[in-house]
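**Q** Dumping the structure here so I can ask a few things about it.
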Amino acid sequence: MDRKWWKEAVIYQVYPRSFKDSDGNGVGDLKGILSELDYIASLGVDAVWINPVYVSPGEDNGYDISDYRAIDPQYGTMEDMQRLIDGLHERKMRIILDMVVNHTSDEREWFQRARQSRDDAHYGWYHWWPAEKGEPPYRCGFFDSEGKAWQYNAATNSWYLHYFSPHQPDLNWGNAELRREIYAMLISWLDKGVDGFRMDAITFISKDASWPEITAATLKQKYCNDWGHYYASGPKLHEYLREMYAAVLEGRDAVIIGESSGVSAEKAPDFVGEDRKELDMIYQFEGIIVGYLPGQFKKVDRDGYRLAEFRDVYTRWDRALDGKGWNTLYLGNHDQPRMVSRWGDDGDEFRGVSAKLLFTFLLTMRGTPSLYNGDELGMTNIRFRRIGEYRDIETRRVFEQIRKKGGATEEFLRDQQLTGRDNGRTPFQWNAGLHAGFTEGEPWIAVNGNYRAINAAAQEVDPESVLAYVRRVVRIRREREVLVYGGYRLIDPEDAEVYAYERWNEAERLLVVLNFSGREQLFRPGGGEVLISNYAGVAWVAGVIRLKPWQAVVIELPAEK
Ligand code: NOJ
């Protein structure tokens with residue numbers, strides 16, 4: 001496999017809105033990020049992915065762009081962005097921008113014109129269903145209060161498509177002029193010095209514009225009731241990705257990462273195979289839906305998830321891409337609850353160790369890890385109780401959908417305490433001061449009340465903190481070639497509580513042992529030396545380790561001959 005900077009990188013994701021506010025308006029901004037570049041560098045990460053900061057009405061926190069070539073004033077100016085690009089480069093880090101080209105904001109000039117008349121040149125840049133053909137065939141709109149993806153527009157007497165909210169009309173990639181415009185826009189960002197893109201909802205860009213009826217039967221049979229899969233299987237998807245790669249990426253050292261809902265491990269090589277020239281890596285979804293109850297909206301089993309299922313997903317993905325393409329790893333991001341609340345144990349007793357175990361996993365698996373800001377402190381879910389506390393369009397709209405149908409809104413709110421996206425979007429906890437040091441104004445979303453105990457300042461001076469551990473393990477990953485390019489081999493695939501695997505190459509062999517439970521477990525590694533442990537000691541007697549709750553141990557074994 002070719003060596004690439006992005007295969008060796010550890011990515012740190014900054015959610016600008018909640019990271020640091022410099023001007024007291026309660027919203028994080030670019031100057032805030034600039035003031036913390038040394039903190040970011042201190043983590044030892046190689047690249048920073050920042051969520052959208054382009055001009056946007058903010059319906060979906062910036063995933064509804066109205067101007068791709070300008071910075072939203074609430075986040076700063078283009079000069080600030082240039083300073084961010086330069087500041088990261090000076091510190092030997094790269095910058096990856098989040099780019100949303102499946103849809104725009106309805107306030108984007110293209111759509112403003114398109115919606116005036118069918119004769120406008122931009123009409124064809126979006127998807128329409130002419131009303132003279134009757135009602136459009138059902139499609140699911142994720143952020144629509146009725147769950148529908150078509151919205152009627154009187155001026156054109158037609159319906160436009162929006163997979164997300166009615167304020168996020170889907171672009172028509174069938175239009176070559178639009179595609180050229182998108183490529184030119186992406187190149188203009190590369191010319192400013194950015195090092196790549198995280199392409200939002202990119203697997204949804206190709207649609208079957210003959211709009212076949214989707215009956216419940218087809219859905220069940222062909223698409224297993226799985227909209228992500230259906231939306232990601234558009235007829236020209238690979239053609240568009242290849243064209244975009246050739247137009248924008250070819251011959252440059254930039255990375256393109258696709259957010260790839262609906263793509264299975266088996267299909268992944270079609271997107272990231274090294275000979276494909278479509279995407280470099282994808283963020284898959286099979287990992288983060290582990291433990292969800294089938295056919296329900298973001299509802300997790302209250303008994304927790306099964307390690308066997310978790311291990312199976314990551315092992316399958318590794319195998320599917322082995323020798324073919326490059327994997328990614330993440331357990332948290334701005335669309336997910338807090339990593340430690342979802343995958344570990346966020347109670348006082350095990351929060352620290354379980355967060356450290358999860359970082360051990362992320363940083364020792366094969367694939368490029370993305371660490372989400374705040375997770376390095378072990379920040380936890382806020383668990384809002386009332387709908388009014390939520391800012392997220394997803395939670396609010398799904399709540400409305402359920403309410404309109406007379407469904408169980410209380411139950412939905414309970415589920416959202418575990419899985420809602422706002423859990424991951426509360427302000428970064430810098431210190432024990434006002435609003436956790438995030439802002440001097442009124443924060444746009446509530447600060448988690450546990451900031452007095454969980455904050456960066458406290459962890460800076462604690463050598464046993466999650467933060468200190470993350471720095472240490474990131475450094476080890478960067479020093480050990482085997483942790484990047486080495487093979488992955490599952491050990492003991494049947495163990496119900498312990499996930500163990502080896503990373504190996506001709507010169508090195510590391511055994512990773514992760515106790516995914518709050519109980520002691522016995523594990524027999526057979527020998528070797530401890531390289532990493534998330535507890536001060538490792539109880540190792542006669543070849544057997546008595547693993548403490550949530551203990552993670554990495555052991556150096558003799559290399560194979
Ligand atoms: C995925 C983004 O990560 C999410 O935050 C957003 O709501 C949707 N795509 C729509 O753009």
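The values are calculated or read from the model by the stated rules, or taken from the named source; none is laboratory data. Keep in mind it's a predicted model, so treat the numbers as computed, not measured. Counting neighbours? That spans all protein chains shown, and the Cβs are built from the backbone with ideal geometry, glycine included. Each accessible area value is taken on the protein alone, full model and side chains, heavy atoms only, with ligands, DNA and RNA left out. Shrake-Rupley method; radii C 1.70, N 1.55, O 1.52, S 1.80 Å.
**Q** Picking from 378, 367, 332, which residue would you name as being under 30 Å from residue 41 (Cβ atoms), open to solvent by less than 10 Å² (accessible area, probe 1.4 Å), within 16 Å of the ligand (Cβ to nearest atom) and touching a residue at least 40 places away in the same chain (Cβ under 8 Å)?
**A** Details: 378 fails: within 16 Å of the ligand (Cβ to nearest atom); 367 fails: within 16 Å of the ligand (Cβ to nearest atom).
That would be 332, the only listed residue that is under 30 Å from residue 41 (Cβ atoms), open to solvent by less than 10 Å² (accessible area, probe 1.4 Å), within 16 Å of the ligand (Cβ to nearest atom) and touching a residue at least 40 places away in the same chain (Cβ under 8 Å).
**Q** Let me ask something else. Restricting the search to region 222-272, which residues are within 30 Å of residue 192 (Cβ to Cβ) and hydroxyl-bearing (Ser, Thr, Tyr)?
**A** Of everything in region 222-272, those that are within 30 Å of residue 192 (Cβ to Cβ) and hydroxyl-bearing (Ser, Thr, Tyr) turn out to be 240, 245, 260, 261.
**Q** May I pose another question? Among the residues of region 218-228, is any within 16 Å of the ligand (Cβ to nearest atom), within 25 Å of residue 51 (Cβ to Cβ) and either open to solvent by 60 Å² or more (accessible area, probe 1.4 Å) or of a type in the set (A, V, I, L, M) (or both)? Full working, then the answer.
**A** If we filter region 218-228 for residues that are within 16 Å of the ligand (Cβ to nearest atom), which is where we start, we get 227-228.
Cutting the leftovers down to within 25 Å of residue 51 (Cβ to Cβ) gives us 227-228.
Okay, now just the ones that are also either open to solvent by 60 Å² or more (accessible area, probe 1.4 Å) or of a type in the set (A, V, I, L, M) (or both), so none.
No, the conditions are met nowhere in region 218-228.
**Q** Can you list residue pairs whose Cβ atoms sit under 9 Å apart, with the first residue in region 519-531 being under 24 Å from residue 476 (Cα atoms) and the second being among the charged types (D, E, K, R) and open to solvent by 100 Å² or more (accessible area, probe 1.4 Å)? Count only pairs 6 or more apart in sequence or on different chains.
**A** So the pair list comes out as 523/546.
**Q** Can you name every residue in region 123-166 that is open to solvent by 60 Å² or more (accessible area, probe 1.4 Å), part of a helix (DSSP H, G or I) and closer than 15 Å to residue 209 by Cα?
**A** Hit for region 123-166 is 133, nothing else.
**Q** Residue 77: closer than 30 Å to residue 397 by Cβ and either β-branched (Val, Ile, Thr) or within 24 Å of the chain's Cα centre (by Cα) (or both), yes or no? Don't jump to the end; show me each part of the working.
**A** Working: closer than 30 Å to residue 397 by Cβ: no; either β-branched (Val, Ile, Thr) or within 24 Å of the chain's Cα centre (by Cα) (or both): yes.
Criteria not met by residue 77.
**Q** Return the only residue of 17, 91, 83 being within 16 Å of the ligand (Cβ to nearest atom), open to solvent by 10 Å² or more (accessible area, probe 1.4 Å) and charged (D, E, K, R). Show your work before the answer.
**A** Values: 91 fails: within 16 Å of the ligand (Cβ to nearest atom); 83 fails: within 16 Å of the ligand (Cβ to nearest atom).
Only one candidate passes the filter, namely 17.
**Q** Confirm whether residue 102 is within 16 Å of the ligand (Cβ to nearest atom) and open to solvent by less than 50 Å² (accessible area, probe 1.4 Å). Before you say what the answer is, go through the steps one by one.
**A** Working: within 16 Å of the ligand (Cβ to nearest atom): yes; open to solvent by less than 50 Å² (accessible area, probe 1.4 Å): yes.
Considered against the rule, which asks whether it is within 16 Å of the ligand (Cβ to nearest atom) and open to solvent by less than 50 Å² (accessible area, probe 1.4 Å), residue 102 comes out as yes.
**Q** Another question, then. Just give me the residues in region 145-159 being of a type outside the set (A, V, I, L, M, F, W, C) and at pLDDT 95 or above, in sequence order. Outline the logic, then answer.
**A** Taking region 145-159 as the starting set, the residues that turn out to be of a type outside the set (A, V, I, L, M, F, W, C) are 145-148, 151-153, 156-158.
Once the filter is applied, which keeps residues that are of a type outside the set (A, V, I, L, M, F, W, C) and at pLDDT 95 or above, region 145-159 yields 151, 152, 153, 156, 157, 158.
**Q** In addition: Residue 431: part of a loop (DSSP other than H, G, I, E, B), in contact with a helix residue (DSSP H, G or I) (Cβ under 9 Å, 6 or more places away or on another chain) and open to solvent by 50 Å² or more (accessible area, probe 1.4 Å), yes or no?
**A** Details: part of a loop (DSSP other than H, G, I, E, B): yes; in contact with a helix residue (DSSP H, G or I) (Cβ under 9 Å, 6 or more places away or on another chain): yes; open to solvent by 50 Å² or more (accessible area, probe 1.4 Å): yes.
Yes.
**Q** Would you say residue 120 is within 14 Å of the ligand (Cβ to nearest atom), in a loop (DSSP other than H, G, I, E, B) and either open to solvent by less than 30 Å² (accessible area, probe 1.4 Å) or touching a helix residue (DSSP H, G or I) at 6+ places or on another chain (Cβ under 7 Å) (or both)? Give the derivation first.
**A** Details: within 14 Å of the ligand (Cβ to nearest atom): no; in a loop (DSSP other than H, G, I, E, B): yes; either open to solvent by less than 30 Å² (accessible area, probe 1.4 Å) or touching a helix residue (DSSP H, G or I) at 6+ places or on another chain (Cβ under 7 Å) (or both): yes.
Considered against the rule, which asks whether it is within 14 Å of the ligand (Cβ to nearest atom), in a loop (DSSP other than H, G, I, E, B) and either open to solvent by less than 30 Å² (accessible area, probe 1.4 Å) or touching a helix residue (DSSP H, G or I) at 6+ places or on another chain (Cβ under 7 Å) (or both), residue 120 comes out as no.
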